[in-house]
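To start, the structure under review is shown below, and the notes come after it.
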Amino acid sequence: MNKFKDLMVKFYKSWLWLIIPLLLLDQLTKVWALKAMWNITLIPNFLHLTYVRNTGAAWSILSGNMALLAVISAVVGGAIIVARYYYRTKLNPLKKALFAVIIAGTFGNFIDRAFYKLLTGTSGVVDFIHFQFGSYHFPIFNVADMCLTLGIIAFAIVIALEDIKAAKTPKPVEESKEEPKEKVKEEHNEEDNN
């Protein structure tokens, strides 16, 4: 029982558990959007729920290349997991949580790219969050996109702040391993006198 408890405590402190609720939120909201096929204005000229299928990446880059994008998502997701494992002892809780958010975002869209055609008969990532700023319509996105984008931005900010703090922190002066020259001269003089 203690091994199980220790394992659960380790899992909790790793922040990897956060991947599960974020993936669930992403997938459940996509299923909801898929079923409802929203075209709803929540706040006029600002926020809409608009169901679309995106067969590309952000801003529809590489549109129509779902297989390639699924492979890229899997490879990038795997690389992020390897990096998370490699740096596990050097990460503070915030960085662990941000890694979990980024992994959830990566695999949330991977699931759509790799399996939604099999499940729904239509390929494409389900997007539905739609912001409008005056006449400009921001590209429609989903929860996985938010996780990925905000996770990467937050991680970059954390690293930048750490670098700024490290640059401002005075570095301790290391003592020289060499003996002072005066002391060495005194020792030689004493040996000459003996």
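The values are calculated or read from the model by the stated rules, or taken from the named source; none is laboratory data. It should be emphasised that the depicted structure is a prediction, and the values quoted were computed from it without experimental measurement. Don't worry about glycine lacking a Cβ; one is built from the backbone with ideal geometry, like all the others, and counts go over all protein chains shown.
Within region 22-40, is there a residue that is over 24 Å from THR122 (Cβ atoms), aromatic (Phe, Trp, Tyr) and at pLDDT below 90?
No - not one qualifying residue is present in region 22-40.
Does region 43-62 include one or more residues that are out of contact with any helix residue (DSSP H, G or I) (no Cβ under 6 Å at 6 or more places or on another chain), of a type in the set (Ser, Thr, Tyr) and over 24 Å from LEU119 (Cα atoms)?
No, region 43-62 contains no residue that is out of contact with any helix residue (DSSP H, G or I) (no Cβ under 6 Å at 6 or more places or on another chain), of a type in the set (Ser, Thr, Tyr) and over 24 Å from LEU119 (Cα atoms).
So which helices (runs of 4 or more DSSP H) stay within region 1-87 end to end and still have 1 or more residues that are loosely packed, with under 12 Cβ neighbours inside 10 Å and within 15 Å of the chain's Cα centre (by Cα)? Show your work before the answer.
Values: elements: 2-14, 19-36, 66-86.
Counting at least 1 such residues, we get 19-36, 66-86.
Within region 87-143, track down each residue that is farther than 27 Å from VAL71 by Cβ and touching a strand residue (DSSP E or B) at 6+ places or on another chain (Cβ under 9 Å).
Residues satisfying the conditions are HIS130, PHE131, GLN132, HIS137, PHE138.
Exactly one of (1) surrounded by fewer than 18 Cβ atoms within 10 Å (Cβ to Cβ); (2) of a type in the set (Ser, Thr, Tyr); (3) over 14 Å from the mean Cα position of the chain (by Cα) is unmet by TYR116. Its number?
(1)
Just to be sure I understand, how many residues within region 41-67 are at negative phi and modelled with pLDDT under 85?
The number of residues fulfilling the criteria is 9.
Filter region 144-165 down to residues that are charged (D, E, K, R), more than 17 Å from PHE128 (Cβ to Cβ) and surrounded by 11 or more Cβ atoms within 10 Å (Cβ to Cβ), then give me how many there are.
First, pick out the residues of region 144-165 that are charged (D, E, K, R): 145, 162-163, 165.
Now drop any that are not more than 17 Å from PHE128 (Cβ to Cβ), which leaves 162-163, 165.
Still in the list and also surrounded by 11 or more Cβ atoms within 10 Å (Cβ to Cβ): 162.
Qualifying residue count, region 144-165: 1.
Output the number of residues of region 88-106 satisfying the condition of being surrounded by 12 or more Cβ atoms within 10 Å (Cβ to Cβ) and hydroxyl-bearing (Ser, Thr, Tyr).
Looking only at that region, the number is 1.
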